[in-house]
Protein chains: 4
Amino acid sequence: MHTIELRSDNCAGVAPEILAAVAAANTGSALAYGGDEWSARLQRRVAEVFECEHVAVFPVTTGTAANALSLSALCPPWGEVLCHETAHILRNECGATSMLGGGAVMRGLAGPDYRVSVEALQQAFDSTRWGDNHASQPSVLSLTSPTDFGTVYSVAEVTELAALAMSRGLRVHLDGARLANAIAALGCSPADLTWRAGVDVISLGATKNGALSTDAIVSFDPAVSAQLFYRVKRAGHVASKLRFQSAQLDAYLTDDLWLRLGARANEAMTRLAAGLTALQIELLAAPGANMVFARVEPALIQRLLDAAVLFYPMGPDTIRFVTSFQTTADDVDDVLARVQAAL
Amino acid sequence: MHTIELRSDNCAGVAPEILAAVAAANTGSALAYGGDEWSARLQRRVAEVFECEHVAVFPVTTGTAANALSLSALCPPWGEVLCHETAHILRNECGATSMLGGGAVMRGLAGPDYRVSVEALQQAFDSTRWGDNHASQPSVLSLTSPTDFGTVYSVAEVTELAALAMSRGLRVHLDGARLANAIAALGCSPADLTWRAGVDVISLGATKNGALSTDAIVSFDPAVSAQLFYRVKRAGHVASKLRFQSAQLDAYLTDDLWLRLGARANEAMTRLAAGLTALQIELLAAPGANMVFARVEPALIQRLLDAAVLFYPMGPDTIRFVTSFQTTADDVDDVLARVQAAL
Amino acid sequence: MHTIELRSDNCAGVAPEILAAVAAANTGSALAYGGDEWSARLQRRVAEVFECEHVAVFPVTTGTAANALSLSALCPPWGEVLCHETAHILRNECGATSMLGGGAVMRGLAGPDYRVSVEALQQAFDSTRWGDNHASQPSVLSLTSPTDFGTVYSVAEVTELAALAMSRGLRVHLDGARLANAIAALGCSPADLTWRAGVDVISLGATKNGALSTDAIVSFDPAVSAQLFYRVKRAGHVASKLRFQSAQLDAYLTDDLWLRLGARANEAMTRLAAGLTALQIELLAAPGANMVFARVEPALIQRLLDAAVLFYPMGPDTIRFVTSFQTTADDVDDVLARVQAAL
Amino acid sequence: MHTIELRSDNCAGVAPEILAAVAAANTGSALAYGGDEWSARLQRRVAEVFECEHVAVFPVTTGTAANALSLSALCPPWGEVLCHETAHILRNECGATSMLGGGAVMRGLAGPDYRVSVEALQQAFDSTRWGDNHASQPSVLSLTSPTDFGTVYSVAEVTELAALAMSRGLRVHLDGARLANAIAALGCSPADLTWRAGVDVISLGATKNGALSTDAIVSFDPAVSAQLFYRVKRAGHVASKLRFQSAQLDAYLTDDLWLRLGARANEAMTRLAAGLTALQIELLAAPGANMVFARVEPALIQRLLDAAVLFYPMGPDTIRFVTSFQTTADDVDDVLARVQAAL
């Protein structure tokens, strides 16, 4: 029985279009550290895709770097980053934001479906001792979409939360490690979900969705971009042969490749979730993109693992399935058959 | 007239063996963050190449990351890193070591040929107020070889400097952004130039010498490695699809590819330096590897640039030439002809 | 009607014995930065009072400095400090621990009566992904006693929590901003509540309990003390005329002055709490030392403030009373009379 | 033979006016953390003394704290602080500026008489790779006056250096650990030497010149002050019983006490230097305030120490004498007699 990969989209390989772009960039010599034509082209591509002339893009290697560096430029070192209590920056980055942020702290907020709710944000504001230097001052709202549990904020929700944040002087960051999946699912424009909604800086994921070794920071605020120029360097995140990261990102954003790859992963998840529901399996939240958590009998977990389905148990009775751009409809049907057999 | 690239080895492309290794690793799915077979193989490869069972390797994206993270694990935050006054960590990394090192400081030492001398190190020790908490305490000696000016420390020199450093309780770091060039030039074993000489941790460059997007930290001290495991992550330097960096490094270290690539660059430089000398051009230091600085008539600089030779002026009468694994004997002969014409 | 101060023990003045010690130290010249006889005497005094030969004491100006510097020496920068969710370090120090700790993070735990419970600590351990570098690693348990809500850990409780913490490799810190009040209330020896119970480092408060301008770090671990020697300096916390801080602390710890002052504040609180209870006022927790929180009718708050009782409302129906070594029985009786009148 | 103290002004005691102010402030209760009347009065006093309405004053415990916190608010974490190569911040503060500055670095400049020269500053600017993110960007000029070697910048010199610094966008900091001595020596107004000369923030020393335990940051830039409000707190430098520091500083600045104390120390030094010169002893620089370095026969050093003169040898043939507000003319004459005897 062949194995089927549902552990993480991080386990997937590289999209052929991306690998081809890397190979194509391996021609002649080029200035290092971004002084090359691929990096210039990427800058123009991002401006076009996000419909924003003054945008700046900084390729970095990891989503953790994108998040922590973005936040370090948005949050003063005595400030507080507000995020959902399940946010990746809070739970899965070993304190990178506090380190690169010079001691900035994070506060987790509640909210159903793993999303910050307007009520939770308002309550955080109400309980803050504003202007009291004994208390960390809320300075940035960081949203993750899709969340680490596969749910997605609508454009209206981002807009409302950002407006509330801005009303108290906060900046807004979007952790878009899987941004393509969110945009593909929402069918909105990249601009609508980001700067038009009030977002200042995004972490733009690419690695989980077909790139080889690059994510990026996309900043819509020139003053923040001016800081990032130095912050990215002194954290060791400016690759010398940057053309090979820029070429990946340029290919990724060209002709909607990123959205097509993201849509593939989403479609696989939609098919999977429908099948699981048909099998009476309880989902913790309706999947908005390419990830789902399900509650199952503990015994089922081992049977599924034995059936060559690769996934992560997230507790005694909880499992997580993640699809990627490489997950096919056949893969999904195979998984569903194995689940049915295991039930 | 075709351009010839002598600005930096960073301007070179990717070695075909490395690109092939990346393509070959793009097969099936694999665990993220180093839980893959390529990363395991790399770990064994490094142990074999460096003849050291307890070594640990951490692929990172840049030399700056490798340096600053290595030093952050070797130096207490109140400590002082001693290095040559021309060292890359001091002059070209935007303070990364102080930032990732939690406020650690650097002190530049003198020494001929851009190398720390035993005398300068001894003098630094003599002028230190040891045990006085008003004074930053020397805690790490960081050597760069080849230096940023193309000179190389011999095995005996590294050994003597490291012994002196250790006699005062310092740890020893080697910035090996071009380590393959140094080892190829010296004809020594990797172990002899590193841990057998007293070096605790090295920054192992690969990008300048044919890799696509990876350098590495190689730690010979398990206690330091245990720290790096967390330090690398929280600085955002653990790539999710690490297999593609590990595959590059594994190919790089296999069958002496790194040394063959380094030797090619060195040979081109040897040829170039001999030709320049024959043309009566003064070299600031005899090139030990693949870089040389030369003193020329100011007018010559523009004439050479006009002749499609790509290089960096480093002052009104100083120029730098860097060869790479892609520089051919024909390239060198062409350059020499253009220099002669420009004289 | 004269005002009665119950806002904070920080609002009290200086004990006459302490002021006399400062004046007495103002004689002749003395070496700066701790090379004076008062500092040497303090070191011996602390060893005697805590029955520990290898103890080290570092006078600092604030409790925030004592806490954050202690934790910076106990916690690696990628580590996590566990504390109660109401702890001062988490809620009232503007992220000092994350800043001086180089990016270390804090996690708030639950527990009744504002104290970390064994169950909450065990649950934190159970939910930790130990050895996973994506997750901040619990490294220090920081207890506050008395808590910021006036409750106190018994010696047995500290011992049990410290043992559990040590079983997972954590170090133990005690925020003793009001340690004298706790020891006076428990009637235990300073050693029993600290190092004999498994505590590695304490923040020893003095300012709230009669000192002029000094608190201290007391470290029972020589390796940590060796770090603190440098950490305290580079955070700007080594006063040049240290003799005047040492003289305060020496007087404070001599002839049980600290415990007598603490007992006075405690006795005033005991009298106050008894009186409030007699008036049917609900206390949020039985006061273990010199602080109490009470639930009252919202309207009562303004009436009490109008009656020249100085205190802090902590919410629409919650008030806090803090007694100090300067609070007399007459003060308490006056307050109770005014409360009764306001009811 | 009685000892005479010339090691440091840090060895002196407290001026009686200051001690009296502390005792006078020990009356009744007062709000903590600066919400008291003494702190409000200090704020007005500083505005009056410095002739600047929008000034803000932050009492801190040490000069190191004043310097490093000031610089952390003036310098971005990727920036570089320029100072003289003998500056206290560079040589004597254990890297506090890099730590509290989030990784900011320092660069030492040359200049005769231990003062930054216009030429050295211009040369630093000329050699800077402005706007290159591999290079730390000069962001603050920090001057020390009097220097650690007893020389003083004139108002014109500060003005010229500040203007040059501002022309390249740098901010200007003045380390005034002994500012009263400088102002007393120059006979200028506090405003002329500081904000009117282009200085943004000063470290205002008081401890060396008669205070008990306080120095201060004085900020002339409201945007910087707004940062310092939080930065001072999270570094643990906001004393709870701040009234006792504010009362010291208020007394210090009242009726020119600071200048009178400084003038006393200066006069003692003038008398001492004249006497040493008469004895043919070579001074390294003419003393501008209350400190002098002299070159002497090595044998003389021990003879002087044996003669109960307390001072610091600064090398085999160099000694340092520092006078304080407590040094009398008789003390000076005694020292000179002992020097003559030892010659």
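Every read-out reported here was derived from the displayed coordinates using simple, explicitly stated rules and does not represent laboratory data. All values derive from a computational prediction rather than experimental measurement. In this analysis, Cβ positions are derived from the backbone assuming ideal geometry, glycine residues included, and neighbour counts consider all displayed protein chains.
Please give the calculated 222 nm ellipticity per residue for chain C, where each DSSP H segment of at least 4 residues contributes -39500 (n - 2.57) and the sum is spread over every residue; nearest 500 deg cm²/dmol?
On the way: 14 runs with 147 residues, N = 343.
Mean residue ellipticity, 222 nm, calculated: -13000 deg cm²/dmol.
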Taking residue B:340 in one copy and the same position in all the others, each labelled 7 Å out along Cα→Cβ, what are the pairwise distances from the first, in nm, shortest first? 8.1, 8.1, 11.3
Could you give me the ³J(HN,Hα) list for segment D:64-81, computed from phi with Karplus coefficients 6.51, -1.76, 1.60 and θ = phi - 60°, whole Hz, x at Gly and Pro? 4, 4, 4, 5, 5, 5, 4, 5, 5, 8, 8, 10, x, x, 9, x, 10, 9
Could you state the number of Å between the C-alpha centres of segment C:255-295 and segment B:225-253? 56 Å
Kirkwood Rh in Å, taken over all unlike Cα pairs in chain D: 20.6 Å
Calculate the dipole size of the protein assembly as shown relative to its Cα centre from +1 charges on Lys and Arg beta carbons and -1 charges on Asp and Glu beta carbons; express the result in debye to the nearest 20. 0 debye
Per residue of segment A:87-93, what does 6.51 cos²θ - 1.76 cosθ + 1.60 with θ = phi - 60° give for ³J(HN,Hα)? Whole Hz please, x for Gly and Pro, Karplus curve as stated. 5, 4, 4, 8, 9, 9, 10
Considering the rotation that carries chain D onto chain B, locate the chain D residue whose Cβ comes closest to its axis and report the distance in whole Å. D:98, 2
Karplus 3J(HN,Hα) series, Hz, for segment A:273-283 with 6.51 cos²θ - 1.76 cosθ + 1.60 (x for Gly, Pro): 5, 4, x, 5, 4, 4, 8, 6, 8, 7, 9
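Quick check: convex hull of the Cα atoms in segment B:28-178, volume per residue, rounded to a whole Å³?
Details: hull volume 20.4 nm³, N = 151.
Hull volume over Cα atoms, normalised by residue count, gives 135 Å³.
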With the dipole of chain B defined by +1 on each Lys or Arg Cβ and -1 on each Asp or Glu Cβ, the option from B:265, B:136, B:159 whose Cα lies farthest towards the positive pole is B:136
Amide H of residue D:109: which non-local residues (sequence gap of 5 or more, or other chain) have their own amide H closer than 5 Å, using H built in the peptide plane? D:83, D:84, D:85
From the C-alpha gyration tensor of segment A:1-97, pull out the three semi-axes of the equivalent ellipsoid (sqrt of 5λ each), sorted largest to smallest, in whole Å. 29, 25, 13
Contact order normalised by residue count of segment A:202-342, Cα under 8 Å, 6+ apart, percent: 22 percent
For residue D:242, what residues show an amide H to amide H distance below 5 Å, using hydrogens built from the backbone and excluding near sequence neighbours? D:33, D:34
Between beta-carbons, use under 12 Å as the cut-off and find the net charge around residue C:94, counting Lys and Arg +1, Asp and Glu -1. +2
Put a label point 7 Å from Cα along the Cβ direction on residue A:278, then list its distances to the equivalent points in the other copies in nm, shortest first. 7.7, 7.8, 10.9
Fewest first, what order do B:50, A:311 take by the number of other Cβ atoms within 10 Å? A:311, B:50
Output row, site residue C:189, 7 Å Cα→C-beta label point, backbone N cut-off 12 Å, window segment C:229-267, residues none
Cα-only Rg/Rh for the protein assembly as shown with Kirkwood Rh rounds to 0.98
log10 I(q)/I(0), Debye, Cα-only segment A:112-234, no solvent, q = 0.09, 0.10, 0.18 Å⁻¹? -0.27, -0.33, -1.01
Could you tell me the distance between the Cα centroids of segment A:133-177 and segment B:14-60, to the nearest Å? 38 Å
Quick one: order B:328, A:64, C:151 by neighbouring beta-carbon count within 10 Å, fewest to most. B:328, C:151, A:64
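Quick check: net charge around residue A:4, other residues with Cβ under 12 Å of its Cβ, Lys/Arg +1 and Asp/Glu -1? Intermediate results must be reported in sequence, preceding the final value.
Values: positive: A:7, A:338; negative: A:5, A:330, A:331, A:333, A:334.
It works out to a net charge of -3.
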Calculate, axis by axis, the spread of Cα positions in segment A:129-196 along the three principal axes, and write the results as whole Å, longest axis first. 43, 23, 13
As an exercise, identify the trypsin sites (Lys or Arg not before Pro) in segment A:100-164 lying in DSSP coil whose Cβ has no more than 15 other Cβ atoms within 10 Å. A:129
If amide H atoms are modeled at 1.01 Å from N in the peptide plane, then the residues at a separation of 5 or more from residue C:171, or on another chain, having amide H under 5 Å from its own are C:140, C:141
Local electrostatic count, residue C:155, Cβ distance below 9 Å [Lys/Arg +1, Asp/Glu -1]: -1
